Amino acid sequence: MPTPSMEDYLERIYILIEEKGYARVSDIAEALQVHPSSVTKMVQKLDLKEYLVYEKYRGLVLTAKGKKIGKRLVYRHELLESFMKIIGVNEEGIYEDVEGIEHHLSWDAIDRIGDLVQYFEEMPERVDDLRDIQRKNDQENDPSNS
Ligand SMILES: [Mn+2]
């Protein structure tokens, strides 16, 4: 199993390759806001673990294993963003929240959250019911109402 930091790299590398067709060390460093030397170190580690193949002058390619995991990690991130949106979390905070929790949930929990997101997407009126509860709770918690 990749560590949280390895997951961040694999997720970012997968997105870069999807979007640009390649992932350079400098692009990864910029996207993750880390020093290029840290990227090189991590890329070598990911190569050792067979998530990718790295050649200093030719760049890197994900292996089948790296692609499969990268795809799942991107899916997980997007799913958790949808989940946060559905449960009514403020949009500005969603990215940070997802970055904070994504590495710490089991795939079982991710699959069940997937079911819940599907449930709400198939019955949008349920989202409205949830919003009613939220409005009620917000009112009750507002000290100016007591
Ligand atoms: Mn992420």
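For Asp138, which of the numbered conditions (1) without any contact (Cβ under 8 Å) to a residue 12 or more places away in the chain; (2) open to solvent by less than 60 Å² (accessible area, probe 1.4 Å) fails to hold?
(2)
One line per residue, one yes/no per condition, for (1) within 12 Å of the ligand (Cβ to nearest atom); (2) in contact with a strand residue (DSSP E or B) (Cβ under 8 Å, 6 or more places away or on another chain); (3) outside the structural domain of Arg58 (by the TED database):
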| site | (1), (2), (3) |
| --- | --- |
| Glu11 | yes, no, no |
| Tyr22 | no, yes, no |
| Ser37 | no, no, no |
| Thr40 | no, no, no |
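Has segment 15-37 got any residue that is touching a residue at least 40 places away in the same chain (Cβ under 8 Å), surrounded by 16 or more Cβ atoms within 10 Å (Cβ to Cβ) and under 20 Å from Arg72 (Cα atoms)?
So far as segment 15-37 goes, yes, one or more of its residues are touching a residue at least 40 places away in the same chain (Cβ under 8 Å), surrounded by 16 or more Cβ atoms within 10 Å (Cβ to Cβ) and under 20 Å from Arg72 (Cα atoms).
Restricting to segment 69-110, count the residues that are in a loop (DSSP other than H, G, I, E, B), over 17 Å from Asp8 (Cβ atoms) and not polar (S, T, N, Q).
Counting residues in segment 69-110 that are in a loop (DSSP other than H, G, I, E, B), over 17 Å from Asp8 (Cβ atoms) and not polar (S, T, N, Q) gives 3.
Within segment 48-63, identify whether any single residue is at positive phi, away from the ligand (no atom under 16 Å from the Cβ) and over 18 Å from the mean Cα position of the chain (by Cα), and answer yes or no.
Yes, there is a match, as at least one residue in segment 48-63 is at positive phi, away from the ligand (no atom under 16 Å from the Cβ) and over 18 Å from the mean Cα position of the chain (by Cα).
The values are calculated or read from the model by the stated rules, or taken from the named source; none is laboratory data. Computed from a prediction, not measured in an experiment: that's the story for all the values here. With ideal geometry, Cβ positions are generated from the backbone for all residues, glycine too; neighbour counts draw on all protein chains shown. Quick note on the areas: whole protein, heavy atoms, side chains included, nothing else; ligands and nucleic acids left out. Shrake-Rupley method; radii C 1.70, N 1.55, O 1.52, S 1.80 Å.
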